[in-house]
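Engineer: Provided herewith is a single structure, encoded as structure tokens, for subsequent inquiry.
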Amino acid sequence: MAVRREKAERLADEELMPLVGRKDPEAFEVLYDRHGGAAYSLAYRIVGDRAAAEEVTQEAFISVWRSGARFDSTRGSVRSWLLSVARNRAIDFLRSRAGKAPKLDFDDEAVLEQRPATELTEEEALRRETAAEVRGALGNLPGEQSKVIELAYFGGFSHSEIARILGLPMGTVKGRMRLGLEKIRGELAEGLA
Amino acid sequence: MSTDHNRWREDLAAYMLGALDHEEATEFERHLEGCERCREEMQWLQAAVHTLPESVERQEPPQQLRQSLMAEVRADARTQSEARPARAKRRRWLLKPAAGFAVLALLVAGAVGYEVGNDGSGDGDGGGSTIVRQAGGITVKMVSEGDGGKLHLSGVDELPPDKVLEAWVERDGKVEAVPALFVPDRHGQAETTIEDMTGVKTVMVTKEPSGGSETPTGEPIVTMSVPQ
């Protein structure tokens with residue numbers, strides 16, 4: 001028997017996952033409502049096309065619906081897991097359309113400023129604040145470090161491909177990735193302090 | 001040991017960003033199993049990687065995506081439900097087509113004028129479908145399946161994005177919500193499954209806020225009485 005929506009809404013993500021594993025649509029719907037926007041936004045950031053982002057997001061969530069029991073809480077939050085599934089699907093989509101250049105910039109502000117504001121929940125507002133801080137952290141990275149991270153994470157390129165694209169030794173690319181992540185992590189730690 | 005760790009340390013960030021080739025990633029994972037320092041560093045850097053997807057500008061997903069996704073999920077859930085072994089006690093709550101109108105006492109409450117019939121798709125032994133046309137141009141088709149049945153609606157007006165259809169059954173004097181919420185497609189067709197029709201006397205459908213309600217909050221757009 002599926003749990004009622006109101007009950008599902010009171011459950012934490014980690015409590016919803018066993019219900020999703022038992023094929024409870026109400027629990028799944030709550031998960032989508034909580035994280036579908038972020039997954040779609042990430043997919044759009046990677047594939048650069050609304051129709052494709054929609055397709056990727058649907059595939060990602062269907063994959064989660066069918067494999068919900070595989071979530072391992074020891075390896076991170078449900079949200080991180082869902083977003084990594086969406087990211088992998090989006091990268092697969094890009095690769096299946098070889099030759100299509102991924103978007104490489106972070107500056108979508110102009111587009112968003114034209115969108116009507118929607119009512120924000122406190123949680124969503126906090127997430128957006130965090131996102132803004134992360135954008136700040138990424139923006140504070142030296143261009144050479146943010147570039148390799150963007151190419152890897154949002155472009156789906158391997159370090160050897162990035163080395164070829166940028167004309168750099170592979171060791172340099174990996175070193176810049178590490179320095180970039182360490183700097184972001186350091187800024188996050190400062191923000192929490 | 002330290003030199004070995006430093007050699008792998010350069011691969012750590014690339015691995016976390018999914019930028020190692022498959023063979024390199026496999027090799028790194030083997031190292032990771034035996035290197036506590038790498039595992040600790042990975043755990044530390046994990047937060048940085050997890051915030052990357054949060055850094056993208058928010059885009060509002062189309063409502064159609066939610067509807068399409070949930071329609072697929074509910075269809076899949078129904079398939080799973082139908083695959084369960086049938087209960088020993090099978091109750092034929094719908095009418096045998098052969099019985100036709102003689103026992104077809106489906107009533108339409110709150111509807112002004114209606115038509116009743118069946119489309120002859122039943123097998124004459126418990127399966128079957130019944131069609132009821134309701135006021136407002138909605139046609140209801142109920143198809144029996146074991147102890148439960150599928151409720152198809154057609155001619156349903158498009159719903160606002162914050163509304164869904166919710167079915168209700170009246171059993172033993174109490175109204176129960178049918179768990180599977182549903183929405184009409186662009187052709188005005190909508191469908192849900194009622195898993196257990198045992199003892200149900202009335203089936204209703206209302207428009208409810210997204211996520212459904214515990215009790216009906218609006219006038220039914222469909223009301224059907226089921227003969228016992």
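Engineer: Please enumerate the residues belonging to the range A:9-25 that are within 12 Å of chain B (Cβ to nearest Cβ), surrounded by fewer than 23 Cβ atoms within 10 Å (Cβ to Cβ) and under 25 Å from residue B:79 (Cβ atoms).
Structural biologist: Answer for the range A:9-25, where residues must be within 12 Å of chain B (Cβ to nearest Cβ), surrounded by fewer than 23 Cβ atoms within 10 Å (Cβ to Cβ) and under 25 Å from residue B:79 (Cβ atoms): A:19, A:21, A:22, A:23, A:24.
Engineer: Hey, among the residues in the range A:152-178 that are more than 8 Å from chain B (Cβ to nearest Cβ) and not in a loop (DSSP other than H, G, I, E, B), which one's nearest to residue B:55 (Cα to Cα)?
Structural biologist: A:176
Engineer: Quick one: is residue B:33 of a type in the set (D, E, K, R) and in contact with a Gly (Cβ under 8 Å, 6 or more places away or on another chain)?
Structural biologist: no
Engineer: Name the pairs whose Cβ atoms lie under 6 Å apart, with the first residue in the range B:171-197 and within 11 Å of chain A (Cβ to nearest Cβ) and more than 17 Å from residue B:65 (Cα to Cα), the second of a type in the set (Asp, Glu) and part of a loop (DSSP other than H, G, I, E, B), and 6 or more positions between them or separate chains?
Structural biologist: Taking only residues 6 or more apart or on different chains, the pairs are B:196/B:147.
Engineer: Here are the criteria: (1) over 25 Å from residue A:157 (Cα atoms); (2) part of a helix (DSSP H, G or I). Tell me which single one residue A:11 does not satisfy.
Structural biologist: Here residue A:11 meets the rest and fails (2).
Engineer: Another question, then. Quick one: count up the residues across the range A:68-82 that are at pLDDT below 85 and either in a loop (DSSP other than H, G, I, E, B) or not charged (D, E, K, R) (or both).
Structural biologist: Number of matching residues: 7.
Here is a yes/no grid of residues against (1) part of a loop (DSSP other than H, G, I, E, B); (2) away from chain B (no Cβ under 11 Å); (3) at pLDDT below 70:
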| residue | (1), (2), (3) |
| --- | --- |
| A:61 | no, no, no |
| A:66 | no, no, no |
| A:84 | no, no, no |
| A:88 | no, no, no |
| A:118 | yes, no, yes |
| A:127 | no, no, yes |
| A:135 | no, no, yes |
| A:145 | no, no, no |
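Engineer: It is to be established whether one or more residues within the range A:41-60 are among the aromatic types (Phe, Trp, Tyr), touching a residue at least 40 places away in the same chain (Cβ under 8 Å) and in the same structural domain as residue A:6 (by TED's automatic domain parsing).
Structural biologist: There is no residue in the range A:41-60 that is among the aromatic types (Phe, Trp, Tyr), touching a residue at least 40 places away in the same chain (Cβ under 8 Å) and in the same structural domain as residue A:6 (by TED's automatic domain parsing).
Engineer: Separate question: Would you list the strands (runs of 3 or more DSSP E) that sit entirely within the range B:114-228 and hold 1 or more residues that are modelled with pLDDT of 80 or more and within 30 Å of residue A:6 (Cβ to Cβ)?
Structural biologist: Counting at least 1 such residues, we get B:139-145, B:148-154, B:163-171, B:174-177, B:190-194, B:200-209, B:222-225.
Engineer: Of all residues in the range A:26-59, count the ones that are crowded, with 17+ Cβ neighbours inside 10 Å and not in a helix (DSSP H, G or I).
Structural biologist: Counting residues in the range A:26-59 that are crowded, with 17+ Cβ neighbours inside 10 Å and not in a helix (DSSP H, G or I) gives 1.
The values are calculated or read from the model by the stated rules, or taken from the named source; none is laboratory data. For clarity, every value in this text was computed on a predicted model and none was experimentally measured. Don't worry about glycine lacking a Cβ; one is built from the backbone with ideal geometry, like all the others, and counts go over all protein chains shown.
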